[in-house]
Amino acid sequence: MATTSYKKNYRCVPSLEQFYSQGSAFAVSSDGSFLACGCDDKIKIVGSSNFSIIKTLEGDSERVTALTLSPNDKFLFSASSSRLITVWDLSTSKPLRQWKGHEGSVRGMACDASGGILATAGEDRLVRVWDVDGGFCTHNFKGHEQVVTSILFHPDQLLLFSGSDDGKVRVWDLVGRKCTAVLDKHFSTVTSLAVDGWTLLSGGRDKVVNLWNLRDGALKMTVPTYEMVETVCVIHPGTHFYSSLGLNETSTAKKKKSSPPVFFLTVGERGVVRIWNSEGAICLFEQGSSDVAISSNKDELKRGFVAAVLMPSDQGLLCLTADQQFLFYSLEKSDEEAFCLKLSRRLVGYNEEIVDMKFLGDDEQFLAVATNIEQVRVYDLASMSCSYVLTGHSEIVLCLDTCISSSGKTLVVTGSKDNSVRLWENSSCIGIGTGHMGAVGAVAFSKKKNNFIVSGSSDRTLKVWSFDGLQDNGSEIMNLRAKAVVAAHDKDINSLAVAPNDNLVCSGSQDRTACVWRLPDLVSVVVLKGHKRGIWCVEFSPVDQCVITASGDKTIKIWAISDGACLKTFEGHTSSILRVSFLTRGAQFVSSGADGLVKLWTVKTNECIATYDQHEDKVWALAVGKKTEMLATGGGDAVVNLWHDSTVEDKEETFRKEEEAVLKGQELENALSDANYIKAIKIAFELRRPHKLFDLFSELFRKRHAEDQVDKALQSLGIDEQYQLFEYVREWNSKPKLCSVAQFVLSRVFSTLPPKEIIEIKGISEILEGLIPYTQRHFSRADRLERSTLLLDYTLHGMSVIEPLETNDSQRLPNGESALQHSDEKTKEMLGEILNSEQTDSPTEVKQLSSKKRKSKKSKESGKVKSRKAVE
């Protein structure tokens, strides 16, 4: 039998993060390659191809209210509730300049075609124009009576348009610095402006679009839309959208008329896209339905479009919904109509709190996610775009489960606060189960036959639902039939699990017990008692006759089904454990808790072998792939993390690093044998061997004229290696035996590297603060040694040893040296002994030496006194 290969580590890939918050602004690049989105006080750059967050720009801790891009996409302009306007360089992700724009928040921004002028609309009822390079105001326009909501430059003329809550549109002449026209035909807020040559289009919440003649300021036409308009976009001739709609023929047929018709699209509160022809105010196209179309009055606050942008080239149309979804539509031909809008991609800016999730599909390439809304979103793991949405519940979806039916179809079951259970095939609901008197908090599919569902509710009952033959009824939604019902617990049921052989089901409740029931009649088998708080999750072992439970008492327990005995207890989380699931054929399991941690455990050793902290809030959802054993976690921070088993990769990486270390070590030894100190120092840095590095520097310190080699070695170091060197030197400098080498290296560093380069090293200030005290101490010791040499000079002078003597043959020693040379060598030897004793002696020994010196001085003075008395 093959041995079980335990998992040692998982690698996290943040796959679904919040990048847009409600009420913030967004901007699309000129080529459609990325989006700039306001996310609370940050700005996130999101790639439109794979929907990954490319970079994050840290704001000024206030919510971003307006964004716009320069025509060449090199600069990003942002405004926040702090009333500051910031110019960002997207190549470096750093702000270039910043200034205060208005007395209130900025509601809209626009950049002219040159990219050198920026216009802002503020809540202070002012319109201001700014010089981007200088950051100063060039125009200050007054006239609006309420908040200015929209602003737009004319692409060909030096004109600026602004719309306000007062229902007026003003035309500003940038050359004459005055208002040339006031267009007053709206009865509510002007939300959007668009220009087509000398025609201005304005849309408002009075449910009309007005077309204005800019030559004389006259109203050309009013188009009733019968919905609050949020965005108006002109469809210009020559664009892909224009040609795809077949508008070339229409415009050619009416070519003889003086003014050609204007084609434009509108989006608004109804959540549908409509295309209009200004000739006769005809609606050429109306989208049949969308996921955000209003179905009832109570949905108005959450549904509908709030913005739309025509993407460049042939990328179609981008619509932003009120619930932070970015919908990408593409034009396609259809049999019934000349064209239709097809939803090609869906990007969710914010998922709210994630309640539950499960992998979906044969290859588990999809992930079904339930959040604090009445929908379930299904994501494609390859691109993390929302493939489709399960819409039907009237309240928040609390739980879900997935399976592959006997016919090979992917099924999803959901439980909601609306007290119902729904069965889904792809994006269609095929069955509804009603009968619970409380919110359905737990659902589970059968594991073997996949022909029934078990549900648990806050009404404390369990129900078994059968859906045999339900999938053959076509598009008709059928009612699920309850096969068995039992009052299972004294409090809410939080979790359900069906055994691999479909014979048993286990339920976990807030009453601190877990119960095992025999299917299909729901006969009680055993009650598992022992937890001190409510049980949040239960699961059967895939190989053993046991059940694992996770509780609010911060423990995980494994129980025997035969007698209900507790076999093992695991502790490690610091808060309630919300989810637990088996791995590695029941030999390991993974858990997540309210402390935001994900832990990997081994059953046999009761050991937690890995802990991951990648969430900032409770981890409510944990999904494990049956085939790949890939993990997915989500929680209160609205982040979905995917976890891949990296045990094999980590083992290979460790082996590769060890092999490289052996080869590098051999290179180091070869460099030492060749006396190539520059290469040896470089390799020692790569291997992170501070002791070997100290030996190299100390050997160079003992050599004469070795400064050049040290300087060349220091010049070849990178910034990270320079920082590492300073850390090593700080450690060496704190030890008296190593300080001389440390000071030697420091002197060469300061003489070789320019000061500006040293200051730019990140974290260098802390290291220098650690170097200064010990360096001052070493300097004080050297100063004391120098003063000691003066005393030695005085003593030797008194002994007539260092007086200048004539060196003749009679004063030479037998070995040929003069007496003066001999005394100099003795002096050097004595100095060396003093230096060594100063470095090695302990403070108590120094005190003893000083006391002996004082005693010798006293004895000498007493001797002098006695000799004077004898003379007298």
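The values are calculated or read from the model by the stated rules, or taken from the named source; none is laboratory data. Since this is a predicted model, take the numbers as computed values, not measurements. Here the Cβ is made from the backbone with ideal geometry for all residues, glycine too, and neighbour counts use every protein chain on show. Quick note on the areas: whole protein, heavy atoms, side chains included, nothing else; ligands and nucleic acids left out. Shrake-Rupley method; radii C 1.70, N 1.55, O 1.52, S 1.80 Å.
Annotations for the structure displayed:
- Flag if Gly38 is open to solvent by less than 20 Å² (accessible area, probe 1.4 Å) and at pLDDT 90 or above: yes
- Number of the exception - Ser575 against (1) in a strand (DSSP E or B); (2) in contact with a Gly (Cβ under 6 Å, 6 or more places away or on another chain); (3) open to solvent by 20 Å² or more (accessible area, probe 1.4 Å): (1)
- Residue in the stretch 208-230 that is open to solvent by less than 10 Å² (accessible area, probe 1.4 Å) and closer than 28 Å to Phe77 by Cα present: yes
- The strands (runs of 3 or more DSSP E) located wholly in the stretch 151-205 that include 3 or more residues which are surrounded by fewer than 19 Cβ atoms within 10 Å (Cβ to Cβ) occupy 178-183.
- Selection of the stretch 640-650 for residues being in a helix (DSSP H, G or I) and either touching a residue at least 40 places away in the same chain (Cβ under 8 Å) or more than 30 Å from Ser15 (Cα to Cα) (or both) yields Thr647, Glu649, Asp650.
- Members of the stretch 599-613 found to be within 11 Å of Phe570 (Cα to Cα) and aromatic (Phe, Trp, Tyr), listed by number: Trp601
- Look at the stretch 735-755: where a residue is over 12 Å from Gln722 (Cβ atoms) and modelled with pLDDT of 85 or more and a partner is open to solvent by 30 Å² or more (accessible area, probe 1.4 Å) and assigned to a helix (DSSP H, G or I), sitting 6+ places away or on another chain with Cβ atoms under 6 Å, you get Val741/Phe701; Phe744/Phe701.
- Residue check for Ser591: modelled with pLDDT of 95 or more and of a type in the set (S, T, N, Q): yes
- Residue satisfying all of: in the stretch 434-482; open to solvent by 50 Å² or more (accessible area, probe 1.4 Å) and basic (Lys, Arg); modelled with the highest pLDDT among these: Arg460
- Residue within the stretch 397-407 that is in a loop (DSSP other than H, G, I, E, B) and of a type outside the set (Ser, Thr, Tyr) present: no
- Residue list for the stretch 79-107, filter: open to solvent by 10 Å² or more (accessible area, probe 1.4 Å), in a strand (DSSP E or B) and closer than 18 Å to Phe136 by Cα: Leu84, Trp88, Pro95, Leu96, Arg97, Gln98, Trp99, Lys100
Per-residue answers, yes or no, for (1) at pLDDT 95 or above; (2) over 30 Å from Lys483 (Cα atoms):
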{"position": "Cys515", "(1), (2)": "yes, no"}
{"position": "Thr549", "(1), (2)": "yes, no"}
{"position": "Phe570", "(1), (2)": "yes, yes"}
{"position": "Asn606", "(1), (2)": "no, yes"}
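- Scoring Ala638 on the criteria (1) open to solvent by 30 Å² or more (accessible area, probe 1.4 Å); (2) on the phi > 0 side of the Ramachandran plot leaves a single failure, condition (1).
- Looking only at the stretch 271-311, residues that are of a type outside the set (A, V, I, L, M, F, W, C), closer than 24 Å to Leu35 by Cα, surrounded by 15 or more Cβ atoms within 10 Å (Cβ to Cβ) and at pLDDT below 85 come to 3 in all.
- Test result for Gly115, in contact with a Pro (Cβ under 6 Å, 6 or more places away or on another chain) and farther than 19 Å from Ala218 by Cα: yes
- Inter-residue pairs, beta-carbon under 7 Å, first over 14 Å from Gly122 (Cα atoms) and among the acidic types (Asp, Glu) and in the stretch 134-146, second at pLDDT 95 or above and not in a strand (DSSP E or B), 6+ apart: none
- The set of residues from the stretch 652-682 being exposed (fewer than 13 other Cβ atoms within 10 Å of the Cβ) and either hydrophobic (A, V, I, L, M, F, W, C) or touching a residue at least 40 places away in the same chain (Cβ under 8 Å) (or both) comprises Phe655, Val662, Leu663, Ala675.
- Filter pass, Phe694 being closer than 24 Å to Ile772 by Cβ and crowded, with 18+ Cβ neighbours inside 10 Å: yes
- Taking the stretch 510-526 as the range and being more than 23 Å from Val603 (Cβ to Cβ) and surrounded by fewer than 17 Cβ atoms within 10 Å (Cβ to Cβ) as the test, the residues that pass are Arg518, Pro520, Asp521, Val523, Ser524.
- Residues in the stretch 58-77 that are in a strand (DSSP E or B) and more than 20 Å from Cys111 (Cα to Cα): Glu58 only.
- Inter-residue pairs, beta-carbon under 6 Å, first more than 19 Å from Leu738 (Cα to Cα) and in the stretch 698-724, second polar (S, T, N, Q), 6+ apart: Asp711/Thr752; Leu714/Thr752
- Those strands (runs of 3 or more DSSP E) of the stretch 318-385 in which 2 or more residues are within 21 Å of Ser405 (Cα to Cα) and either open to solvent by 30 Å² or more (accessible area, probe 1.4 Å) or of a type outside the set (Ser, Thr, Tyr) (or both) occupy 354-360, 366-371, 375-380.
- Search result, residues across the stretch 1-45 that are within 30 Å of Val590 (Cα to Cα) and in a loop (DSSP other than H, G, I, E, B): Met1, Ala2, Thr3, Thr4, Ser5, Tyr6, Lys7, Lys8, Asn9, Glu17, Gln18, Phe19
- The condition of being over 27 Å from Gly361 (Cα atoms), of a type in the set (A, V, I, L, M) and out of contact with any Pro (no Cβ under 9 Å at 6 or more places or on another chain) holds for only one of Met478, Met437, that being Met437.
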